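Structure first, commentary second.
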């Protein structure tokens with residue numbers, strides 16, 4: 001597919017901080033694209049460059065092949081949904097939505113029918129004459145969406161649009177956003193620090209850190225095969241072990257030495273060599289946990305540990321298990337009636353095992369493990 | 001919502017009354033009573049010693065029909081109106097840019113705005129007299145730049161009064177506008193620009209309504225002192241740029257006719273209160289709209 005919105009070697013510096021550093025990125029037409037990362041990673045700066053509120057120091061931004069880098073915000077066919085909606089407080093809901101059309105000097109009759117139709121669509125007929133301060137957060141959100149979409153932009157930019165809502169409402173708006181995207185077919189660029197939002201909505205995600213794109217790919221790709229420990233820690237939870245490659249086995253597997261563990265076997269898609277230092281990363285739900293020794297399986301890794309904490313969450317239970325000096329986070333899904341099994345309790349000695357394919361090796365990263373642990377992973 | 005349904009609410013109402021009693025008494029003694037006295041004296045006869053005579057009379061109020069007054073009132077109104085409009089027009093960009101300046105600059109710029117207040121008001125007006133004097137720097141500079149004739153007179157006419165009034169009252173317009181602009185959420189301007197509005201349109205349709213309370217305050221802060229101003233026309237104005245304030249001062253200090261001064265003063269008070277009450281009414285109505 002042809003690139004629709006294209007960033008070409010874009011860089012922006014504030015003082016000595018690279019807010020955006022050498023970003024090369026192509027977003028496809030009609031795509032739901034997310035920029036995901038911790039605060040200060042440059043995702044909002046990148047978005048504001050598309051809107052026209054920031055100008056890159058170096059590099060160009062192209063929309064449908066046209067260079068828009070130097071266009072003022074009002075000359076771009078791009079609309080934004082702001083973090084706190086930025087609804088005009090002195091105008092009614094109806095006038096807020098009509099604003100873009102009025103500025104474009106559309107005939108009054110056309111404005112009226114378009115705004116009325118939009119208000120029908122967002123189901124705010126009863127509130128059309130109210131001021132933004134008189135409606136709820138979710139309603140404001142919908143007004144903001146309507147106000148942007150009525151201009152039929154080429155790209156809709158969303159700057160953490162759900163951050164101000166409470167959890168239940170956030171989940172509902174998430175579905176609504178997804179439906180709206182399906183209906184209008186406009187390219188959405190969505191900025192968020194919430195990996196859950198990004199995962200559930202996006203066609204593709206760019207994970208950003210320190211102004212750079214760490215990884216670009218479909219949600220499943222990023223979750224299952226993160227290419228750095230930053231991505232692994234930021235997207236979902238992960239258990240990290242420091243290891244050294246000791247032996248290559250068969251074409252695709254290798255053996256790792258991890259202090260205090262028996263030798264661990266791991267899938268070696270990254271073609272690591274003997275003596276390479278790696279992080280081994282295993283997702284909490286990839287571990288299996290039992291009181292009895294596991295069935296003998298090829299390419300399974302197995303260790304013993306002591307349960308330190310049990311958190312029952314209904315659909316699943318989270319365990320913290322001590323193995324040597326490591327504390328493993330393990331999640332077990334309850335796909336069967338819980339009381340059929342002998343429950344695993346606090347202080348129990350347990351077996352933990354995982355398949356060699358379920359662990360993946362990452363380069364040892366410059367960031368310390370402590371920093372990774374502080375990531376707001378969901 | 002009714003707050004009288006339970007005994008706690010009544011106690012709260014009593015407390016509210018007690019709390020408002022102090023400022024209310026203060027206002028009553030220092031504002032309502034003096035104003036009432038001024039209005040009352042307007043209906044008293046004068047006595048030859050500069051005091052107030054016994055009994056009541058409409059004589060003074062009738063004397064306001066003197067054909068000189070309409071011209072003076074008209075001049076007072078237009079000088080005040082032009083002063084107010086000019087001050088707002090100058091204060092808007094100032095307030096806007098001070099509010100947009102980086103934080104450490106902001107405080108410096110506000111300080112610069114109020115620095116003139118550290119010099120006596122009278123001295124600053126006399127300074128203008130020196131500047132605009134036929135041998136003053138301004139005059140010489142204008143002649144040098146061929147913007148004025150050598151025999152042009154810069155002092156002692158309505159234009160001079162206007163210039164010095166704008167100079168004097170400008171900070172009173174800048175400060176409330178700046179205060180409102182600083183609280184204004186400039187993301188709204190971004191939102192307007194994002195929706196296709198030009199800079200000017202975003203300024204007019206989003207920024208100005210957003211700071212309307214500051215604007216109204218600025219209008220009052222300039223308009224009211226303008227209407228009552230007498231020192232500036234007295235010092236830099238001539239006989240043909242007298243304002244109503246000058247007449248009041250004249251009746252009080254020269255003619256020693258207190259009832260006449262009171263009558264003029266009362267009519268000025270009414271003229272000043274009318275716009276103020278209108279503004280308060282408008283603000284109250286706006287508040288009612290946004291917070292039902």
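Any read-out appearing in this document is the output of simple, stated calculations on the displayed coordinates, not a laboratory observation. No experiment lies behind these values; they were computed from the predicted model shown. No Cβ is skipped: glycine too gets one built from the backbone with ideal geometry, and neighbour counts run over all protein chains shown.
Which shape class, rounded, prolate or oblate, goes with region B:70-243 when its Cα gyration tensor gives a ≥ b ≥ c as root eigenvalues, a/c under 1.5 marks rounded, and past that a/b bigger than b/c marks prolate? Prolate is the answer for region B:70-243, as a/c is 1.5 or above and a/b outweighs b/c. Contact order for region A:3-229, expressed relative to its length and based on alpha carbon pairs under 8 Å spaced 6+ residues apart, stands at 29 percent. At an R0 of 51 angstrom, the distance between the Cβ atoms of residue A:308 and residue B:10 translates into a FRET efficiency of 0.30. In this simple spin-label model, placing a label point 7 Å from the Cα along the Cα-to-Cβ direction at both residue A:296 and residue B:148 gives a separation of 11.0 nm. Students often get this wrong: which residues of region A:16-30 have the backbone nitrogen under 20 Å from the point 7 angstrom along Cα-to-C-beta of residue A:77? Under cut-off, by backbone N: A:26-30. Once both labels are positioned 7 Å from their Cα atoms along Cα-to-Cβ, the gap between residue A:130 and residue B:33 label points is 5.0 nm. Averaged over peptide A:62-73, the number of partner chain Cβ atoms lying within 10 Å of each residue's Cβ comes to 1. Sort region A:28-67 into rounded, prolate or oblate with this rule: let a ≥ b ≥ c be the square roots of the eigenvalues of the Cα gyration tensor; rounded if a/c is under 1.5, and if a/c is not under 1.5, prolate when a/b is larger than b/c, oblate otherwise. In terms of gyration-tensor shape, oblate.
Estimated from the Cβ-Cβ distance and a Förster radius of 22 angstrom, the FRET efficiency linking residue B:22 and residue B:276 is about 0.40. Per-residue Cβ neighbour counts within 10 Å put A:118, B:229, B:243 in the sequence A:118, B:229, B:243, beginning with the fewest. Students often get this wrong: which residues of region A:3-39 have the backbone nitrogen under 17 Å from the point 7 angstrom along Cα-to-C-beta of residue B:103? Taking a point 7 Å out along Cα→Cβ of residue B:103, the residues of region A:3-39 whose backbone N falls under 17 Å are A:15.
With neighbours defined as other Cβ atoms within 10 Å of a residue's Cβ, the residues B:119, B:83, A:69 order from fewest to most as B:119, A:69, B:83. Mind jotting down the distance between the C-alpha centroids of region A:85-159 and region B:114-139, whole Å? Using only Cα atoms, the two centres lie 53 Å from each other.
Based on DSSP H segments of at least four residues, each scored -39500 (n - 2.57), chain B has a per-residue ellipticity at 222 nm of -22000 deg cm²/dmol.
Of all DSSP-defined beta bridges confined to the protein assembly as shown, some 80% are antiparallel rather than parallel. Available extension along the chain between residue B:49 and residue B:115 is 19.4 nm, counting 0.36 nm per residue and deducting the alpha carbon span.
Oblate is the label for region A:214-318. Its Cα gyration tensor axes, ordered a ≥ b ≥ c, give a/c of at least 1.5 and b/c at or above a/b. If both residues of a DSSP beta bridge must be in region A:3-229, then about 55% of such bridges are antiparallel.
Rounded to the nearest 0.05, what FRET efficiency do residue B:204 and residue A:120 give with R0 = 35 Å and r taken as the Cβ-Cβ distance? Could you check? So the FRET efficiency works out to roughly 0.70.
Ranked by how many other Cβ atoms sit within 10 Å of their own Cβ, fewest first, the residues A:155, A:143, A:307 fall in the order A:307, A:155, A:143. Compactness of the protein assembly as shown, taken as the C-alpha radius of gyration over 2.2 N^0.38 Å, stands at 1.42.
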